1. Quick check on my filter: what residues within region 64-116 are within 24 Å of residue 133 (Cα to Cα) and of a type in the set (Phe, Trp, Tyr)?
2. Can you find a residue in region 263-282 that is more than 20 Å from residue 231 (Cα to Cα), among the aliphatic types (A, V, I, L, M) and either at pLDDT below 85 or loosely packed, with under 14 Cβ neighbours inside 10 Å (or both)?
3. Quick one: which of 231, 208, 256 is in a loop (DSSP other than H, G, I, E, B) and surrounded by fewer than 16 Cβ atoms within 10 Å (Cβ to Cβ)?
4. Could you say which residue among 177, 140 is in contact (Cβ under 8 Å) with a residue 12 or more places away in the chain, of a type outside the set (S, T, N, Q) and part of a helix (DSSP H, G or I)?
5. Do the conditions hold for residue 249, that is, is it at pLDDT below 95 and either farther than 19 Å from residue 93 by Cβ or out of contact with any strand residue (DSSP E or B) (no Cβ under 8 Å at 6 or more places or on another chain) (or both)?
6. Within region 25-130, considering only helices (runs of 4 or more DSSP H) that don't extend past its boundaries, which have at least 1 residues that are touching a strand residue (DSSP E or B) at 6+ places or on another chain (Cβ under 7 Å), surrounded by 13 or more Cβ atoms within 10 Å (Cβ to Cβ) and of a type in the set (Val, Ile, Thr)?
7. Pick out the one residue from 187, 210, 198 that is under 21 Å from the mean Cα position of the chain (by Cα) and among the charged types (D, E, K, R).
8. In this structure, does residue 173 turn out to be at negative phi, open to solvent by less than 70 Å² (accessible area, probe 1.4 Å) and of a type in the set (A, V, I, L, M, F, W, C)?
Amino acid sequence: MALVVNADAAQFDSMCREPWRFYRTASIAKRDGSGRSLLIPHEQLMSVQRRLVRHDLARFVNHPADHCRLGRSVITNAWRHVRHRYVSAYDIADCYPSIQPEMVRAALRRAGMTAADSDLVVKLTTVCRQLPQGAPTSPALLSIALHRVDCQLSARAARHGIVYTRYVDDLFFSGNASIAFFDREVRTVLSDAGFAIRRDKRRRWGPGHRPTLAGVVLATRPTIHPEYVDGVRRLMHNMREAGHSPSAADVDAVLGKIGWIAQLRPRAAHLLKAELAKWQQVAIGGSPTL
(Lines give C-alpha, C1' and ligand atoms only; values in the text may rest on other atoms or scores of the structure.)
Protein backbone atom coordinates (compact mmCIF):
# COMPACT_ATOMS: atom_id res chain seq x y z
CA MET A 1 0.00 0.00 0.00
CA ALA A 2 1.32 3.42 -1.01
CA LEU A 3 -0.21 5.20 1.98
CA VAL A 4 2.18 7.63 3.67
CA VAL A 5 0.99 8.94 7.02
CA ASN A 6 1.92 12.38 8.31
CA ALA A 7 0.20 11.82 11.64
CA ASP A 8 2.29 10.52 14.53
CA ALA A 9 1.95 6.88 15.49
CA ALA A 10 -0.36 7.51 18.45
CA GLN A 11 -2.73 9.67 16.40
CA PHE A 12 -2.79 7.19 13.53
CA ASP A 13 -3.54 4.37 15.96
CA SER A 14 -6.41 6.43 17.38
CA MET A 15 -7.80 7.02 13.89
CA CYS A 16 -7.95 3.27 13.38
CA ARG A 17 -9.33 2.33 16.80
CA GLU A 18 -11.66 5.28 17.48
CA PRO A 19 -12.57 6.81 14.12
CA TRP A 20 -15.71 8.52 15.50
CA ARG A 21 -13.46 10.95 17.33
CA PHE A 22 -12.24 12.31 13.99
CA TYR A 23 -15.60 13.29 12.45
CA ARG A 24 -18.01 16.16 12.80
CA THR A 25 -21.64 16.35 11.70
CA ALA A 26 -22.83 18.95 9.20
CA SER A 27 -26.00 19.54 7.21
CA ILE A 28 -26.30 20.81 3.65
CA ALA A 29 -29.34 21.74 1.57
CA LYS A 30 -30.29 19.48 -1.32
CA ARG A 31 -31.69 20.76 -4.62
CA ASP A 32 -35.22 19.83 -3.57
CA GLY A 33 -34.91 22.01 -0.46
CA SER A 34 -34.54 19.16 2.03
CA GLY A 35 -31.46 18.66 4.15
CA ARG A 36 -28.70 16.07 4.03
CA SER A 37 -26.65 15.14 7.09
CA LEU A 38 -22.94 14.62 6.48
CA LEU A 39 -20.17 13.05 8.52
CA ILE A 40 -17.07 15.08 7.68
CA PRO A 41 -13.61 13.95 8.79
CA HIS A 42 -11.35 16.31 10.71
CA GLU A 43 -8.34 17.63 8.83
CA GLN A 44 -5.89 15.01 10.10
CA LEU A 45 -8.04 12.10 8.92
CA MET A 46 -9.13 14.01 5.80
CA SER A 47 -5.47 14.28 4.77
CA VAL A 48 -4.94 10.54 5.19
CA GLN A 49 -8.10 9.76 3.21
CA ARG A 50 -7.10 12.05 0.36
CA ARG A 51 -3.82 10.20 0.01
CA LEU A 52 -5.71 6.93 0.03
CA VAL A 53 -7.82 8.14 -2.89
CA ARG A 54 -4.81 9.35 -4.89
CA HIS A 55 -2.44 6.47 -4.25
CA ASP A 56 -4.51 3.38 -3.50
CA LEU A 57 -8.14 3.66 -4.57
CA ALA A 58 -7.56 5.45 -7.88
CA ARG A 59 -5.89 2.35 -9.34
CA PHE A 60 -9.08 0.31 -9.27
CA VAL A 61 -10.88 0.11 -12.61
CA ASN A 62 -14.37 1.59 -12.64
CA HIS A 63 -17.18 -0.11 -14.50
CA PRO A 64 -18.09 1.66 -17.79
CA ALA A 65 -21.61 2.27 -16.43
CA ASP A 66 -20.21 4.28 -13.50
CA HIS A 67 -20.28 8.03 -14.23
CA CYS A 68 -19.26 9.19 -10.74
CA ARG A 69 -15.51 9.30 -11.39
CA LEU A 70 -12.76 11.39 -12.92
CA GLY A 71 -13.64 12.34 -16.49
CA ARG A 72 -17.31 11.44 -16.05
CA SER A 73 -20.25 13.48 -14.74
CA VAL A 74 -24.03 13.81 -14.70
CA ILE A 75 -23.62 15.19 -18.22
CA THR A 76 -21.79 12.18 -19.64
CA ASN A 77 -24.38 10.06 -17.85
CA ALA A 78 -27.24 11.91 -19.57
CA TRP A 79 -25.68 11.59 -23.04
CA ARG A 80 -25.98 7.78 -22.81
CA HIS A 81 -29.78 8.09 -22.67
CA VAL A 82 -30.42 10.89 -25.19
CA ARG A 83 -33.02 10.08 -27.90
CA HIS A 84 -34.23 6.95 -26.13
CA ARG A 85 -38.02 6.81 -25.99
CA TYR A 86 -38.32 5.07 -22.62
CA VAL A 87 -36.31 5.97 -19.52
CA SER A 88 -36.45 4.71 -15.93
CA ALA A 89 -34.64 5.96 -12.85
CA TYR A 90 -34.14 4.38 -9.43
CA ASP A 91 -32.57 5.56 -6.18
CA ILE A 92 -30.82 3.18 -3.79
CA ALA A 93 -32.35 3.69 -0.34
CA ASP A 94 -29.90 4.95 2.31
CA CYS A 95 -27.03 4.06 0.03
CA TYR A 96 -24.00 5.28 1.98
CA PRO A 97 -25.34 4.09 5.38
CA SER A 98 -26.06 0.70 3.74
CA ILE A 99 -22.40 0.17 2.84
CA GLN A 100 -21.15 -1.66 5.92
CA PRO A 101 -17.48 -2.35 6.71
CA GLU A 102 -17.82 -6.01 5.72
CA MET A 103 -19.10 -5.01 2.27
CA VAL A 104 -16.19 -2.62 1.75
CA ARG A 105 -13.67 -5.23 2.88
CA ALA A 106 -15.14 -7.92 0.62
CA ALA A 107 -15.25 -5.57 -2.38
CA LEU A 108 -11.61 -4.55 -1.89
CA ARG A 109 -10.56 -8.18 -1.62
CA ARG A 110 -12.45 -9.03 -4.83
CA ALA A 111 -10.67 -6.11 -6.50
CA GLY A 112 -7.29 -7.59 -5.56
CA MET A 113 -6.27 -5.75 -2.38
CA THR A 114 -4.53 -7.81 0.28
CA ALA A 115 -6.36 -8.74 3.47
CA ALA A 116 -4.10 -6.56 5.63
CA ASP A 117 -4.43 -3.51 3.38
CA SER A 118 -8.19 -3.89 3.02
CA ASP A 119 -8.56 -4.10 6.81
CA LEU A 120 -6.57 -0.88 7.21
CA VAL A 121 -8.60 0.92 4.54
CA VAL A 122 -11.85 -0.12 6.25
CA LYS A 123 -10.62 1.22 9.60
CA LEU A 124 -9.64 4.56 8.07
CA THR A 125 -12.71 5.11 5.89
CA THR A 126 -15.77 3.76 7.72
CA VAL A 127 -17.39 5.02 10.90
CA CYS A 128 -20.50 3.93 12.82
CA ARG A 129 -20.63 0.88 10.49
CA GLN A 130 -21.17 2.91 7.35
CA LEU A 131 -19.46 4.91 4.63
CA PRO A 132 -19.48 8.52 5.87
CA GLN A 133 -21.14 10.79 3.33
CA GLY A 134 -18.66 13.66 3.47
CA ALA A 135 -15.37 11.74 3.38
CA PRO A 136 -13.27 12.01 0.18
CA THR A 137 -12.86 8.23 0.09
CA SER A 138 -16.56 7.40 0.14
CA PRO A 139 -17.42 7.94 -3.57
CA ALA A 140 -14.52 5.72 -4.69
CA LEU A 141 -15.37 3.03 -2.14
CA LEU A 142 -19.03 3.22 -3.12
CA SER A 143 -18.09 2.53 -6.74
CA ILE A 144 -15.89 -0.38 -5.68
CA ALA A 145 -18.66 -1.79 -3.47
CA LEU A 146 -21.22 -1.44 -6.28
CA HIS A 147 -18.96 -2.84 -9.01
CA ARG A 148 -20.62 -6.26 -8.92
CA VAL A 149 -24.07 -4.62 -9.07
CA ASP A 150 -22.93 -2.58 -12.07
CA CYS A 151 -21.66 -5.73 -13.79
CA GLN A 152 -24.87 -7.66 -13.22
CA LEU A 153 -27.27 -4.86 -14.16
CA SER A 154 -25.22 -3.95 -17.22
CA ALA A 155 -25.17 -7.56 -18.47
CA ARG A 156 -28.89 -8.11 -17.86
CA ALA A 157 -29.78 -4.79 -19.48
CA ALA A 158 -27.64 -5.53 -22.55
CA ARG A 159 -29.50 -8.79 -23.15
CA HIS A 160 -32.68 -6.71 -23.66
CA GLY A 161 -31.08 -3.88 -25.64
CA ILE A 162 -31.34 -1.56 -22.61
CA VAL A 163 -28.72 1.04 -21.67
CA TYR A 164 -27.70 1.13 -18.00
CA THR A 165 -25.73 3.84 -16.18
CA ARG A 166 -25.17 4.84 -12.56
CA TYR A 167 -24.33 8.18 -10.93
CA VAL A 168 -23.57 7.71 -7.21
CA ASP A 169 -26.75 6.02 -5.90
CA ASP A 170 -28.98 6.84 -8.89
CA LEU A 171 -29.54 4.08 -11.45
CA PHE A 172 -30.75 4.88 -14.98
CA PHE A 173 -32.08 2.66 -17.77
CA SER A 174 -33.31 3.51 -21.26
CA GLY A 175 -34.36 1.94 -24.53
CA ASN A 176 -36.61 2.40 -27.53
CA ALA A 177 -39.22 -0.12 -26.40
CA SER A 178 -41.03 -0.25 -23.07
CA ILE A 179 -38.65 -1.22 -20.26
CA ALA A 180 -41.17 -1.40 -17.41
CA PHE A 181 -40.65 -5.17 -17.24
CA PHE A 182 -37.02 -4.59 -16.18
CA ASP A 183 -38.15 -3.32 -12.78
CA ARG A 184 -38.10 -6.86 -11.42
CA GLU A 185 -34.51 -7.39 -12.60
CA VAL A 186 -33.38 -4.20 -10.84
CA ARG A 187 -35.07 -5.12 -7.57
CA THR A 188 -33.65 -8.66 -7.68
CA VAL A 189 -30.05 -7.59 -8.29
CA LEU A 190 -30.16 -4.91 -5.60
CA SER A 191 -31.87 -7.16 -3.06
CA ASP A 192 -29.32 -9.94 -3.60
CA ALA A 193 -26.56 -7.37 -2.95
CA GLY A 194 -28.19 -6.14 0.27
CA PHE A 195 -29.80 -2.95 -1.06
CA ALA A 196 -33.34 -1.66 -1.55
CA ILE A 197 -35.02 0.84 -3.89
CA ARG A 198 -36.59 4.07 -2.67
CA ARG A 199 -40.06 3.54 -4.08
CA ASP A 200 -40.99 7.22 -3.70
CA LYS A 201 -38.15 8.17 -6.06
CA ARG A 202 -38.72 5.56 -8.77
CA ARG A 203 -39.56 7.36 -12.02
CA ARG A 204 -40.51 6.34 -15.55
CA TRP A 205 -40.83 8.39 -18.74
CA GLY A 206 -42.29 7.41 -22.09
CA PRO A 207 -42.54 8.99 -25.55
CA GLY A 208 -43.36 12.70 -25.48
CA HIS A 209 -41.84 13.28 -22.04
CA ARG A 210 -38.54 14.92 -21.10
CA PRO A 211 -36.77 12.89 -18.42
CA THR A 212 -34.64 14.61 -15.80
CA LEU A 213 -31.63 12.56 -14.76
CA ALA A 214 -29.63 13.85 -11.78
CA GLY A 215 -30.68 17.42 -12.57
CA VAL A 216 -30.03 17.13 -16.32
CA VAL A 217 -32.99 17.34 -18.71
CA LEU A 218 -32.95 15.04 -21.75
CA ALA A 219 -34.01 16.66 -25.02
CA THR A 220 -32.20 16.43 -28.34
CA ARG A 221 -29.17 16.97 -26.13
CA PRO A 222 -28.69 17.25 -22.33
CA THR A 223 -29.79 20.61 -20.97
CA ILE A 224 -30.93 22.33 -17.76
CA HIS A 225 -34.56 22.94 -16.93
CA PRO A 226 -35.58 26.58 -17.52
CA GLU A 227 -36.97 26.69 -13.98
CA TYR A 228 -33.44 26.27 -12.59
CA VAL A 229 -32.17 29.23 -14.62
CA ASP A 230 -35.19 31.29 -13.59
CA GLY A 231 -34.52 30.33 -9.97
CA VAL A 232 -30.97 31.73 -10.14
CA ARG A 233 -32.31 34.91 -11.71
CA ARG A 234 -34.88 35.23 -8.90
CA LEU A 235 -32.16 34.65 -6.32
CA MET A 236 -30.12 37.56 -7.72
CA HIS A 237 -33.24 39.73 -7.90
CA ASN A 238 -34.05 39.04 -4.23
CA MET A 239 -30.48 39.85 -3.24
CA ARG A 240 -30.65 43.17 -5.08
CA GLU A 241 -34.00 43.97 -3.49
CA ALA A 242 -32.47 43.39 -0.05
CA GLY A 243 -30.48 46.57 -0.70
CA HIS A 244 -27.08 45.50 0.55
CA SER A 245 -23.74 45.13 -1.18
CA PRO A 246 -23.03 41.59 -2.35
CA SER A 247 -20.82 39.69 0.06
CA ALA A 248 -18.11 37.31 -1.13
CA ALA A 249 -20.32 34.41 0.01
CA ASP A 250 -23.28 35.77 -2.01
CA VAL A 251 -21.17 36.08 -5.13
CA ASP A 252 -19.60 32.64 -4.69
CA ALA A 253 -23.02 31.01 -4.23
CA VAL A 254 -24.40 32.60 -7.38
CA LEU A 255 -21.24 31.90 -9.39
CA GLY A 256 -21.43 28.23 -8.38
CA LYS A 257 -24.95 27.97 -9.78
CA ILE A 258 -23.99 29.90 -12.93
CA GLY A 259 -21.00 27.58 -13.39
CA TRP A 260 -23.34 24.61 -13.42
CA ILE A 261 -25.61 26.30 -15.97
CA ALA A 262 -22.58 27.16 -18.15
CA GLN A 263 -21.86 23.47 -18.71
CA LEU A 264 -25.14 22.96 -20.55
CA ARG A 265 -26.53 26.42 -21.42
CA PRO A 266 -23.51 28.71 -21.95
CA ARG A 267 -25.56 31.58 -23.41
CA ALA A 268 -27.88 31.68 -20.40
CA ALA A 269 -24.87 31.55 -18.07
CA HIS A 270 -23.23 34.46 -19.91
CA LEU A 271 -26.33 36.61 -19.46
CA LEU A 272 -26.61 35.73 -15.77
CA LYS A 273 -22.96 36.54 -15.20
CA ALA A 274 -23.43 39.91 -16.89
CA GLU A 275 -26.41 40.63 -14.61
CA LEU A 276 -24.33 39.74 -11.58
CA ALA A 277 -21.50 42.02 -12.69
CA LYS A 278 -23.97 44.88 -13.18
CA TRP A 279 -25.38 44.31 -9.69
CA GLN A 280 -21.90 44.45 -8.20
CA GLN A 281 -21.12 47.67 -10.07
CA VAL A 282 -24.28 49.37 -8.86
CA ALA A 283 -24.02 48.05 -5.31
CA ILE A 284 -20.44 49.05 -4.63
CA GLY A 285 -20.15 51.95 -7.05
CA GLY A 286 -17.19 50.51 -8.92
CA SER A 287 -16.41 48.59 -12.03
CA PRO A 288 -17.68 45.07 -12.60
CA THR A 289 -15.30 42.49 -11.18
CA LEU A 290 -16.41 39.57 -13.33
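1. Those that are within 24 Å of residue 133 (Cα to Cα) and of a type in the set (Phe, Trp, Tyr): 90, 96.
2. Let us first name the residues in region 263-282 that are more than 20 Å from residue 231 (Cα to Cα), namely 281-282.
Okay, now just the ones that are also among the aliphatic types (A, V, I, L, M), so 282.
With the extra rule that they be either at pLDDT below 85 or loosely packed, with under 14 Cβ neighbours inside 10 Å (or both), the set shrinks to 282.
For region 263-282, residues more than 20 Å from residue 231 (Cα to Cα), among the aliphatic types (A, V, I, L, M) and either at pLDDT below 85 or loosely packed, with under 14 Cβ neighbours inside 10 Å (or both): present.
3. On the way: 231 fails: in a loop (DSSP other than H, G, I, E, B); 256 fails: in a loop (DSSP other than H, G, I, E, B).
Of the residues listed, the single one that is in a loop (DSSP other than H, G, I, E, B) and surrounded by fewer than 16 Cβ atoms within 10 Å (Cβ to Cβ) is 208.
4. Values: 177 fails: part of a helix (DSSP H, G or I).
Exactly one residue qualifies, and that residue is 140.
5. On the way: at pLDDT below 95: yes; either farther than 19 Å from residue 93 by Cβ or out of contact with any strand residue (DSSP E or B) (no Cβ under 8 Å at 6 or more places or on another chain) (or both): yes.
Considered against the rule, which asks whether it is at pLDDT below 95 and either farther than 19 Å from residue 93 by Cβ or out of contact with any strand residue (DSSP E or B) (no Cβ under 8 Å at 6 or more places or on another chain) (or both), residue 249 comes out as yes.
6. Values: elements: 43-52, 74-79, 95-98, 101-110, 115-125.
Here the list reads 74-79.
7. Numbers: 187 fails: under 21 Å from the mean Cα position of the chain (by Cα); 210 fails: under 21 Å from the mean Cα position of the chain (by Cα).
Result: 198 is the single residue among 187, 210, 198 that is under 21 Å from the mean Cα position of the chain (by Cα) and among the charged types (D, E, K, R).
8. Values: at negative phi: yes; open to solvent by less than 70 Å² (accessible area, probe 1.4 Å): yes; of a type in the set (A, V, I, L, M, F, W, C): yes.
Here the answer is yes, as residue 173 does meet what is asked.
The values are calculated or read from the model by the stated rules, or taken from the named source; none is laboratory data. Because the structure is a prediction, the values reported are computed rather than measured. A quick note on method: Cβ atoms are made from the backbone with ideal geometry, for glycine too, and the neighbour counts reach across all protein chains shown. Calculation scope for accessible area: heavy atoms of the full protein, side chains included, ligands and nucleic acids excluded. Shrake-Rupley method; radii C 1.70, N 1.55, O 1.52, S 1.80 Å.
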